[in-house]
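Colleague: First, the structure itself, so that you have it in front of you.
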Amino acid sequence: CRPAGNYSGKVLIHTGGMTSWHRPSYDKLGPENNAGLFYALPDYLQSFGFKTEMLESLSEKKFKESHVLVLINFDEKLTSQEYSHLKQFVDNGGSLVLFADHTDMNGLMTQSNAILKKLDAPIRVNFDSAHFLDNYWENAFVSTLHPLNRKNWNSKHTGISVGASISLLNPLVKPLLFAQFGFSDLGNWNNAATMN
């Protein structure tokens with residue numbers, strides 16, 4: 001669903017991590033034409049009026065020109081200088097959108113939590129999974145009052161399948177969207193994918 005309103009500003013999208021940004025090529029067939037999961041995000045944001053820039057490293061100059069930083073499936077270790085730039089960016093009003101992973105495959109959850117901790121963000125991703133009981137979270141999503149929720153969430157349009165629980169370290173922090181009527185399993189640290 002497209003939100004109402006006009007948008008402007010600049011969004012930085014970090015191309016590191018486990019996410020592929022390849023676009024599909026319609027003149028090729030087969031597994032070599034494997035498109036990245038989030039490749040359409042820059043075009044989608046631009047259709048609202050945002051400027052977008054893909055970058056491979058975090059720099060103070062880029063932060064000064066921008067309003068939002070997007071990190072998706074980010075498993076890279078940041079340098080102390082990059083953490084310093086990121087913290088200054090957020091402290092000065094910049095927004096961080098962090099797509100975290102709950103499986104800790106390749107250290108994804110561990111690195112997401114390290115970033116949140118360094119930024120003094122009162123939230124952590126837990127090593128578990130959350131799954132719907134029946135019919136793809138139908139009637140299970142609950143949204144809180146926020147401008148993002150003006151049109152309400154539709155369980156068929158969120159793209160959420162398996163979720164995770166989070167730890168809120170401050171009672172003032174409220175999720176925008178949460179699910180009820182599901183079940184959860186703890187992660188298995190002995191899984192080979194999490195042992196790195």
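The values are calculated or read from the model by the stated rules, or taken from the named source; none is laboratory data. This structure is a prediction, so every number in the text was calculated from the model and none was measured. Backbone-built Cβ (ideal geometry, glycine too); neighbour counts: all protein chains shown. Quick note on the areas: whole protein, heavy atoms, side chains included, nothing else; ligands and nucleic acids left out. Shrake-Rupley method; radii C 1.70, N 1.55, O 1.52, S 1.80 Å.
Colleague: Out of region 39-81, which residues are open to solvent by 50 Å² or more (accessible area, probe 1.4 Å), in contact (Cβ under 8 Å) with a residue 24 or more places away in the chain and assigned to a loop (DSSP other than H, G, I, E, B)?
Modeller: E56, S57, E65, H67, E76, K77 - these are the residues of region 39-81 that are open to solvent by 50 Å² or more (accessible area, probe 1.4 Å), in contact (Cβ under 8 Å) with a residue 24 or more places away in the chain and assigned to a loop (DSSP other than H, G, I, E, B).
Colleague: Can you find a residue in region 8-26 that is out of contact with any Phe, Trp or Tyr (no Cβ under 8 Å at 6 or more places or on another chain), modelled with pLDDT of 90 or more and open to solvent by 70 Å² or more (accessible area, probe 1.4 Å)?
Modeller: No, every residue in region 8-26 fails to be out of contact with any Phe, Trp or Tyr (no Cβ under 8 Å at 6 or more places or on another chain), modelled with pLDDT of 90 or more and open to solvent by 70 Å² or more (accessible area, probe 1.4 Å).
Colleague: When only residues in region 101-130 that are hydrophobic (A, V, I, L, M, F, W, C) and touching a residue at least 40 places away in the same chain (Cβ under 8 Å) count, which is nearest to V162 (Cα to Cα)?
Modeller: Among residues in region 101-130 that are hydrophobic (A, V, I, L, M, F, W, C) and touching a residue at least 40 places away in the same chain (Cβ under 8 Å), the one nearest to V162 (Cα to Cα) is A130.
Colleague: So, in region 82-106, of the ones that are more than 21 Å from A130 (Cβ to Cβ) and small (G, A, S), which residue ends up surrounded by the fewest Cβ atoms within 10 Å (Cβ to Cβ)?
Modeller: Top of the filtered list is G93.
Colleague: If you don't mind, another one. Evaluate the following for A130: is it touching a helix residue (DSSP H, G or I) at 6+ places or on another chain (Cβ under 6 Å) and of a type in the set (G, A, S)?
Modeller: For A130, the condition - touching a helix residue (DSSP H, G or I) at 6+ places or on another chain (Cβ under 6 Å) and of a type in the set (G, A, S) - is not met.
Colleague: Could you tell me whether L145 is of a type in the set (A, V, I, L, M, F, W, C), surrounded by fewer than 19 Cβ atoms within 10 Å (Cβ to Cβ), more than 16 Å from the chain's Cα centre (by Cα) and part of a loop (DSSP other than H, G, I, E, B)?
Modeller: When the stated conditions are applied, L145 passes them.
Colleague: Can you pull out the residues in region 110-148 that are more than 20 Å from V173 (Cα to Cα), of a type in the set (A, V, I, L, M) and touching a Ser or Thr at 6+ places or on another chain (Cβ under 9 Å)?
Modeller: Listed by number, the residues that qualify are A130, A140.
Colleague: I would also like to ask the following. Please specify each residue of region 82-113 satisfying the condition of being of a type in the set (F, W, Y) and in a helix (DSSP H, G or I).
Modeller: Y83, F89
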